[in-house]
């Protein structure tokens, strides 16, 4: 069953975040993931959630997400990610 990673991003440093975004793409690709949503207009239609920037990634299953998150390629970006942004991330099973 497909798994989706939903990411809410608060950008702290535009230049550093741009570098993180460019570098993280290859880690997603190499672990079988794909971006379904990456930025774009956000319209809140219910509730008081006000995300800064949203991304949605699709992987084959939850195990594949875990492999990506624990990969040396992704963990090497931890410092850059934390300096460039505050990120909230959830993983959900697809239908």
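Table for the structure above
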item: Selection within segment 70-91 - surrounded by 13 or more Cβ atoms within 10 Å (Cβ to Cβ), more than 20 Å from residue 16 (Cβ to Cβ) and in contact with a strand residue (DSSP E or B) (Cβ under 9 Å, 6 or more places away or on another chain); result: 91
item: Residue that is surrounded by the fewest Cβ atoms within 10 Å (Cβ to Cβ) [pool: residues in segment 56-69 that are touching a strand residue (DSSP E or B) at 6+ places or on another chain (Cβ under 6 Å) and in a helix (DSSP H, G or I)]; result: 62
item: Checklist (1) assigned to a loop (DSSP other than H, G, I, E, B); (2) modelled with pLDDT of 95 or more; (3) out of contact with any helix residue (DSSP H, G or I) (no Cβ under 9 Å at 6 or more places or on another chain) applied to residue 32, failing item; result: (3)
item: Residue identified as under 13 Å from the mean Cα position of the chain (by Cα) and modelled with pLDDT of 95 or more among 23, 83; result: 23
item: Tally of residues being more than 11 Å from the chain's Cα centre (by Cα) and surrounded by 10 or more Cβ atoms within 10 Å (Cβ to Cβ) across segment 32-47; result: 2
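Here's the yes/no breakdown for (1) touching a helix residue (DSSP H, G or I) at 6+ places or on another chain (Cβ under 8 Å); (2) part of a strand (DSSP E or B); (3) without any contact (Cβ under 8 Å) to a residue 60 or more places away in the chain:
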site: 5; (1), (2), (3): yes, yes, no
site: 16; (1), (2), (3): yes, no, no
site: 23; (1), (2), (3): yes, no, yes
site: 27; (1), (2), (3): yes, no, yes
site: 36; (1), (2), (3): no, yes, yes
site: 43; (1), (2), (3): no, no, yes
site: 47; (1), (2), (3): no, no, yes
site: 54; (1), (2), (3): no, yes, yes
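The values are calculated or read from the model by the stated rules, or taken from the named source; none is laboratory data. Small disclaimer: the values here were computed from a predicted structure and weren't measured. No Cβ is skipped: glycine too gets one built from the backbone with ideal geometry, and neighbour counts run over all protein chains shown.
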